[in-house]
Amino acid sequence: MTTSVPSSPSPAPAVRPTVVRTPPLAEPSGWHEIRLTVNGDRIACQVESRLLLSDFLRDRLGLTGTHVGCEHGVCGACTVLLDGAPVRSCLILAAQCEGADIRTVESLAPGDAPLTAVQRAFHECHGMQCGFCTPGFVMTTTALTEQAGRPAGPEVADALSGHLCRCTGYRNIRRAVCQALDERFGE
Ligand code: FES
Ligand code: FES
């Protein structure tokens, strides 16, 4: 008697992977043409994609009054005004500033021009020691004085909370800001 051996199942057809062809990614352009205004000067230039606004101002334009501390948006030393609003230039790419109006601390009293009320207040109230944080505080305070009405206390505190100072203990800085606001809006 013979026993039939079941034949082994025929192998499953090989599954062929589906190849989906997508169009090649567009090559990222490494450079961008931007036009902007910095301290009243109209500038047109090419910037690399990853160039920070802080580095653009300091290294390309020589505006070293904008200080760079943490480079992470924490210390506020790099604050400049972008279309009138304080921003941290270490968190913004120069390529994002197409058409923007940028003001740095150098714009406040160019050449032999007298100090602005904000700068004078920091001077008279001794609102600085080493001065590293000062350009950032001054630019934020300048923006506060340019508002239509006097900012309320919490708004001022909120604006200043984004700035670190390792020297003064903040007391004289607060006095300087109050003096500048008093001069602008009345006591
Ligand atoms: S350097 Fe930009 S926030 Fe500190
Ligand atoms: S004055 Fe030195 S860090 Fe503020």
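The values are calculated or read from the model by the stated rules, or taken from the named source; none is laboratory data. These numbers were taken from a predicted model, which means no experiment stands behind them. Positions of Cβ are backbone-derived with ideal geometry, glycine not excepted, and every protein chain shown enters the neighbour counts. Just so you know, the surface numbers come from the protein's heavy atoms only, side chains and all, with ligands and any DNA or RNA stripped out. Shrake-Rupley method; radii C 1.70, N 1.55, O 1.52, S 1.80 Å.
The single condition among (1) modelled with pLDDT of 95 or more; (2) in a loop (DSSP other than H, G, I, E, B); (3) open to solvent by 40 Å² or more (accessible area, probe 1.4 Å) that D55 does not satisfy is (2). Scanning segment 90-102 for residues that are within 16 Å of ligand 1 (Cβ to nearest atom) and closer than 15 Å to I43 by Cβ gives A94, Q96, C97, I102. Exactly one residue out of I92, I102 is under 15 Å from T142 (Cβ atoms) and crowded, with 17+ Cβ neighbours inside 10 Å: that is I102. Look at (1) assigned to a strand (DSSP E or B); (2) of a type in the set (V, I, T); (3) within 15 Å of ligand 1 (Cβ to nearest atom) and you find that V68 fails only one, number (1).
Matching residues to (1) surrounded by fewer than 19 Cβ atoms within 10 Å (Cβ to Cβ); (2) away from ligand 1 (no atom under 16 Å from the Cβ); (3) assigned to a loop (DSSP other than H, G, I, E, B):
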residue: G76; (1), (2), (3): no, no, yes
residue: V80; (1), (2), (3): no, no, no
residue: A113; (1), (2), (3): yes, yes, yes
residue: H123; (1), (2), (3): yes, yes, no
residue: P154; (1), (2), (3): yes, yes, no
residue: L164; (1), (2), (3): yes, no, yes
residue: V177; (1), (2), (3): no, yes, no
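For G131, the requirement of being within 16 Å of ligand 2 (Cβ to nearest atom), on the phi > 0 side of the Ramachandran plot, at pLDDT 95 or above and surrounded by fewer than 16 Cβ atoms within 10 Å (Cβ to Cβ) is met. Tallying residues that are touching a Ser or Thr at 6+ places or on another chain (Cβ under 6 Å), of a type in the set (V, I, T) and open to solvent by 60 Å² or more (accessible area, probe 1.4 Å) within segment 58-74 yields 0. Between E124, E106, the distinction of being under 19 Å from A176 (Cβ atoms) and among the charged types (D, E, K, R) belongs to E124 only.
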